[in-house]
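Down below is the structure, laid out as structure tokens.
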Amino acid sequence: MPERFFVLLTCLLSLSFCGCSDSPKGFPKVVPCQIIVLRGTTPVADVEVSLKPVTPVDSIVFFGKTDSTGVCQVRTTYASYSKPGVPEGTYKVILVKEPFVEHTKTEEERHAMTQPQLNEYTKQMKNRQAALPKMIPPKLTKTDTTPLKIDVAGKQTGLSVNLEEYK
């Protein structure tokens, strides 16, 4: 029995080093890419980070979200396959984080609403959200206005963004 286990383990390990790839045909070679978002010295969590290639690429998305330390490991997604890292190239960096609005109705109350009542409630919540201060300076939230760029080449690439610098 132990001999069979050893043979099985050896086969599995050799398969992991054989260079086989589960990525779909046409998936690009990627290198690690990290974006750090801070406000002063404080990390900003839950910021949606998108990279838009200067030379557009069809059907491939470069996206991630910052964790509690303000760090985002950007991923490349093609079809239903996703892998950490991005292909070499130049990208514009877009940051988005909507302010959080506490619901004024419980989930049970919302489920009991008629469709017109739910539409009105949703409209009110969107208006409350729009009235709150924005976490991310507006110019960093759109491809045509963001001054943030990153050149990905070779090994791991990173960019640190201090939101205080873009007020």
So, in nm, how far is label LYS149 from label GLU88 when the simple model puts each one 7 Å beyond its Cα toward the Cβ? 1.8 nm
Pairs LYS29/LYS65; LYS92/LYS134; LYS52/LYS105: which exceed 28 Å Cα-Cα? LYS52/LYS105
Sorting THR66, PRO84, SER160 by the position of each Cα along the dipole of the chain (Lys, Arg +1; Asp, Glu -1; all at Cβ), the one nearest the positive end of that ordering is SER160
I want to verify a result. In a Gaussian network model of the chain, Cα cutoff 10 Å, which of these has the top mean-square fluctuation: LYS126, LYS105, LYS65? LYS105
Built amide H within the under 5 Å cut-off of LYS65, gap 5+: VAL49, GLN73
Gaussian network model of the chain, springs between alpha carbon atoms under 10 Å - residue of THR114, THR90, THR42 with greatest fluctuation: THR114
By how many degrees, 0 to 90 and rounded to 10, does the Cα axis of helix 115-131 deviate from the longest principal axis of the chain? 90 degrees
Would you mind computing, in nm to one decimal, how far apart the modelled labels at ALA45 and GLU107 are, each placed 7 Å from Cα along Cα→Cβ? 2.0 nm
Work out the FRET efficiency for LYS134 and LYS29 from their Cβ-Cβ distance, taking R0 = 41 Å, and round it to the nearest 0.05. 0.65
Tell me, rounded to the nearest percent, the portion of alpha carbon pairs in the chain spaced more than 27 Å apart. 47 percent
Tilt of helix 2-16 relative to the longest C-alpha principal axis of the chain, in degrees (0 to 90, nearest 10)? 60 degrees
Search the structure for amide H atoms under 5 Å from the amide H of VAL161, placed 1.01 Å from N in the peptide plane, and list their residues when 5 or more places away or on another chain. ILE36, VAL37, LEU38
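Each reported figure results from applying straightforward, stated rules to the coordinates on display, with no laboratory input. Not measured: the values here are computed from a predicted model. Note: ideal-geometry Cβ built from the backbone for every residue, glycine included; neighbour counts use all protein chains shown.
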